1. For helix 53-64, what angle does its Cα long axis make with the longest principal axis of the chain, in degrees from 0 to 90 and rounded to 10?
2. Taking N as the number of residues in the chain, what is its Cα Rg relative to 2.2 N^0.38 Å?
3. Among the aspartates and glutamates, which have Cα under 20 Å from the Cα of residue 116 when same-chain residues fewer than 8 positions away are ignored?
4. I'd like the antiparallel share, as a percent to the nearest 5, of DSSP beta bridges with both residues in segment 37-138.
Amino acid sequence: MISSGPLEDRLAIRELVESYNDAVMRHDGDAWGANWAEDGSWTLPGGSAVEGRKNIRAAWEGAMSNFSFVGFFASAGPIVVDGNNATGTWYQQEFLHQKDGVKRNITGLYQDTYVKTGGRWYFKARVYSIMNAEETQG
């Protein structure tokens, strides 16, 4: 599939993902949470969807408390914009250093839904799946 829709919107969605990844790398919960729609939904492997910006941020902060370092990098698949709604695919590379010494390298896939509100794009839903994972003891 090829990306489609206004280039300006596709660029803004790329910047949304970059803002998300930057906040992960800096462990910045305020910046990370600001990328979500108030009624957003976040689904991780093996779990049910976390609903609402406040709950999503709390779940993220809990998960991030386990790591001393996180490297988080995205590569774009197609982004399709239709008015104030859009979908996107992102391939994610994660380097996770847990506080217990375990190091994990993960290649994952985000299937996203976005919504444009007040002239700004937000994550409406992110569904994450793991494509490959490797784990070593530090």
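Values in this text are rule-based calculations from the coordinates and carry no lab data. Note that the coordinates shown come from a computational prediction; the quantities given were computed from them, not determined experimentally.
1. 30
2. Here the answer is 1.04, to two decimals.
3. List returned: 8, 9, 15, 18, 30, 38, 39, 51, 82.
4. For segment 37-138, the DSSP antiparallel bridge percentage is about 95.
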